[in-house]
Amino acid sequence: MQIRQSRFDTKRITLTASLAALYIIPRTIPLDRLIGISGAITFSGIVTPVLGVFLAPSYGILAVFLGTMIAAFIPGSAGTLKFGGLDFLGGALNVALISLLIRGRRTEATLTYVATLGLFIINPNTEIFVGANLPNLPPPFQWLRLPSPPVPYLWLHLVALSVLVSPLTRNVQDSFVFGARKDLAKAVLVVAFIGTMIEHVTGGILFASVVGAGALRFWPAIFLVYPLERAIIVLGAVLVCTPLLLASRDLIARYRLQEK
């Protein structure tokens with residue numbers, strides 16, 4: 001029994017290392033410049049559904065950590081370390097949440113998501129509505145003050161939370177193992193959307209914590225840009241992960257639920 005467990009762990013570690021290498025590739029490719037600090041948002045989120053399918057949450061976090069650290073030291077990589085090296089946390093939560101969903105652990109996934117949103121809300125350097133820090137207009141219009149947008153900064157994160165607790169995630173794991181291409185693509189879209197939104201709000205927490213009160217003036221610009229960035233990542237995930245997972249059905253059946 002001990003020998004079997006050792007072999008089993010060796011296989012999982014090897015798979016983790018292989019998927020960490022896969023994570024490195026899009027981690028080096030820039031998607032957009034970060035607002036308020038130097039660095040770039042990368043395409044790493046387009047492969048997180050693959051990691052979430054094959055790796056249990058703990059191994060998924062390890063794969064993201066390794067991939068993030070290695071990508072940071074590749075010459076010309078867009079994945080330079082930010083927030084004192086803690087920027088791996090966003091991708092780690094992304095993969096962990098997807099892994100939980102695919103293993104049928106919706107309650108844990110939901111609690112993780114809600115707790116992360118709560119940390120964002122209670123941070124003194126974040127905003128619920130961004131209008132308070134919209135810039136003043138130039139003369140002779142300085143007397144005008146633009147109101148806050150009628151939707152909260154976290155509006156898309158709340159949409160993702162609604163999807164998370166909806167029937168769309170109830171049996172999502174079956175689509176990865178048995179579903180036709182259309183069902184698999186839909187499942188990838190669902191988990192990639194939820195995953196990228198928890199990654200984004202985690203980045204917001206780190207940004208607010210590191211930059212401090214100076215972060216307040218950047219939320220209006222981030223509010224306008226982040227939905228487009230997240231849409232590109234989700235679309236990329238569907239285009240990249242769907243054919244990869246279709247070609248890996250036998251491996252999925254073997255590794256998908258090895259560790260609850």
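Computed quantities for the displayed model
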| read-out | value |
| --- | --- |
| Extended-chain gain in nm, criterion 0.36 nm per residue less alpha-carbon gap, Thr107 and Asp174 | 22.4 nm |
| Separation of alpha-carbon centers, the range 72-114 and the range 214-244, rounded to whole Å | 14 Å |
| Listed residues Pro75, Ala160, Val95: farthest to the positive end of the dipole of the chain (Cβ charges) | Val95 |
| Eligible aspartates and glutamates near Lys186 by straight Cα distance, threshold 19 Å, same-chain separation 8 or greater | Asp174 |
| Over the chain, relative contact order from alpha-carbon pairs under 8 Å, at least 6 apart, % | 25 percent |
| The range 147-260, dipole about Cα centre (Lys/Arg Cβ +1, Asp/Glu Cβ -1), debye to the nearest 20 | 200 debye |
| Distance between modelled label sites at Phe129 and Val114, nm, 7 Å Cα→Cβ extension | 2.5 nm |
| Estimated distance in nm for a label pair at Leu158 and Ile25, the labels positioned 7 Å out from Cα along Cα-to-Cβ | 3.9 nm |
| Accessible surface, per residue, of the range 177-238 when the full set of protein chains is kept, probe 1.4 Å, Å² | 39 Å² |
| Segment Arg181-Ala213, length gained on full extension (0.36 nm per residue, minus Cα span) | 6.8 nm |
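The values are calculated or read from the model by the stated rules, or taken from the named source; none is laboratory data. Note that the structure is predicted; figures quoted are calculated from it, not measured. All Cβ positions, glycine included, derive from the backbone under ideal geometry; neighbour counts span all protein chains shown. Surface areas here come from the heavy atoms of the whole protein model, side chains and all, with no ligands, DNA or RNA. Shrake-Rupley method; radii C 1.70, N 1.55, O 1.52, S 1.80 Å.
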